[in-house]
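**Student:** Take a look at this one; I'll ask things after.
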Amino acid sequence: MSEVPKTAIELAKRFEGFHRVPKADPGRAHPYICPAGYWTIGYGHLCDPKHLPITETEAEIYLARDLQTALAATLRYCPVLAAETEGRLSAIVDFTFNLGAGRLQTSTLRRRVNQRDWVAARQELRRWVYGGGKVLPGLVTRREAEAAWLLRNA
């Protein structure tokens, strides 16, 4: 599977949002520091603080590339997902996009997914809610949405 699932795109867009910062330039996104302390632009694309402002269309191009990278990493570390539902794949692609392939690679979540233990995988997802050493409400909500996709139509 080489195409990013539609559900993964929807999850990423929903939780990242297109940040129009500052409000004085509402048609474009400027770099900002996300709650976890990283310079970001558009839909959660990591960037240099001096990155030029971008339009929403440009942000969608960045997002598509970032999600393609997350999809490749997800399937590399969790090959069982190639034969699972779009929702399950999307949940883990969104996790990988949000936290990075390295976190997936070394996680207990990866083991649970590859064992197809969806209940345990859901519990593992719920542990990944910290940013900058604090529980972030947005991450709690995001992990709950991902967890719901793991068990949907099971």
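**Student:** Give me the pairs, please: first residue somewhere in the stretch 82-111 and more than 22 Å from residue 130 (Cβ to Cβ), second residue anywhere and outside any helix (DSSP H, G or I) and of a type in the set (A, V, I, L, M, F, W, C), beta-carbon distance under 6 Å, and either six or more positions apart or on two chains.
**Tutor:** Going by the 6 Å Cβ cut-off, the qualifying pairs are 82/1.
**Student:** Only one of 36, 59, 91 is among the aliphatic types (A, V, I, L, M) and part of a loop (DSSP other than H, G, I, E, B). Can you tell me which?
**Tutor:** The unique qualifying residue is 36.
**Student:** Let me ask something else. Filter the stretch 123-154 for residues that are closer than 17 Å to residue 8 by Cβ, charged (D, E, K, R) and touching a helix residue (DSSP H, G or I) at 6+ places or on another chain (Cβ under 8 Å) and give the result.
**Tutor:** 142, 143, 146, 152
**Student:** Then there's this: Restricting attention to the stretch 35-53, does a residue exist that is surrounded by 16 or more Cβ atoms within 10 Å (Cβ to Cβ), touching a Lys or Arg at 6+ places or on another chain (Cβ under 6 Å), without any contact (Cβ under 8 Å) to a residue 60 or more places away in the chain and over 25 Å from residue 148 (Cβ atoms)?
**Tutor:** Checked against the condition, which is being surrounded by 16 or more Cβ atoms within 10 Å (Cβ to Cβ), touching a Lys or Arg at 6+ places or on another chain (Cβ under 6 Å), without any contact (Cβ under 8 Å) to a residue 60 or more places away in the chain and over 25 Å from residue 148 (Cβ atoms), the stretch 35-53 yields at least one hit.
**Student:** Could you list, in sequence order, all residues of the stretch 62-88 that are assigned to a helix (DSSP H, G or I), of a type in the set (Val, Ile, Thr) and in contact with a Lys or Arg (Cβ under 8 Å, 6 or more places away or on another chain)?
**Tutor:** The answer is 80, and nothing else.
**Student:** If you go through the stretch 1-34 one residue at a time, how many are under 14 Å from residue 98 (Cα atoms) and surrounded by fewer than 20 Cβ atoms within 10 Å (Cβ to Cβ)?
**Tutor:** Summing the residues that are under 14 Å from residue 98 (Cα atoms) and surrounded by fewer than 20 Cβ atoms within 10 Å (Cβ to Cβ) in the stretch 1-34 gives 7.
**Student:** Any chance you could count how many residues in the stretch 127-138 are free of Cβ contacts under 8 Å to residues at least 40 places away in the same chain and under 18 Å from residue 16 (Cβ atoms)?
**Tutor:** 4
Read the figures in this text as sums done on the coordinates, not as results from a lab. This structure is a prediction, so every number in the text was calculated from the model and none was measured. Note that we place each Cβ from the backbone using ideal geometry, even for glycine, and neighbour counts take in every protein chain shown.
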